[in-house]
Amino acid sequence: PTRILLDAAFVPFAHVRDEDSHWLRQARNDLGPAPNIHSNGDGYGFQLDLELRHLVQRDWEVGAGLRYWWLRARDGEHSQAGFDLQLLELESQRFGLLLGLAHRW
């Protein structure tokens, strides 16, 4: 037997911290020492998993699927080149493959 699993989760609170390093722009009159661009803030998001599982023995399943994460921060701070600014929006999307082996007890 083969089955499809869908798992969804709402993320009511997420904290983001992003550091960016421009290695060729580290002079004092430019961006400064690396990491020279900083962002942090609070937000929310969600996660989705979709997996196809197949029973290979009585209590063993193998699976393959996809995972997708989406997170957004709109309340935070951004700084670069000596300036501190308000973070208006920072969005992160991640996706990838899932491979699994499951045993039922």
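As a fraction of the 1.4 Å probe accessible area of the chain, surface on carbon and sulfur atoms comes out at 58 percent.
Net charge in the neighbourhood of Gly41 (other residues with Cβ under 10 Å of its Cβ; Lys, Arg +1, Asp, Glu -1) is -2.
This model, with +1 at the C-beta of Lys and Arg and -1 at the C-beta of Asp and Glu, gives the chain a dipole about its Cα centre of some 460 debye. Positive contributions from Lys and Arg (+1) and negative ones from Asp and Glu (-1), summed over other residues with Cβ under 11 Å from the Cβ of Phe95, come out at +1.
For the chain, with the dipole built from +1 on Lys and Arg beta-carbon atoms and -1 on Asp and Glu ones, taken about the Cα centre, which of Gln26, His54, Leu87 lies farthest toward the positive end? Working it through, the farthest residue towards the positive pole turns out to be His54. Per residue, the accessible area of segment 10-105 comes to 77 Å² when a 1.4 Å probe rolls over the protein heavy atoms. The local environment of Arg72, defined by Cβ-Cβ distances under 14 Å, has a net charge of -3 under the rule Lys, Arg +1 and Asp, Glu -1.
Residue-wise HN-Hα couplings along segment 54-71, as the Karplus relation 6.51 cos²θ - 1.76 cosθ + 1.60 with θ = phi - 60° gives them from phi, are 10, 6, 9, 9, 3, 10, 10, 10, 10, x, 8, x, 10, 10, 9, 10, 9, 10 Hz; Gly and Pro carry x.
Between the listed residues His15, Tyr44, Gly65, the Cα displaced farthest toward the positive end of the dipole of segment 1-83, a dipole computed from Cβ unit charges relative to the Cα centre, is found at Gly65.
The values are calculated or read from the model by the stated rules, or taken from the named source; none is laboratory data. These numbers were taken from a predicted model, which means no experiment stands behind them. Using ideal geometry, Cβ is built from the backbone for each residue, glycine included, and neighbour counts are taken over all protein chains shown. We work out accessible area using only protein heavy atoms, side chains counted, and drop any ligands, DNA or RNA first. Shrake-Rupley method; radii C 1.70, N 1.55, O 1.52, S 1.80 Å.
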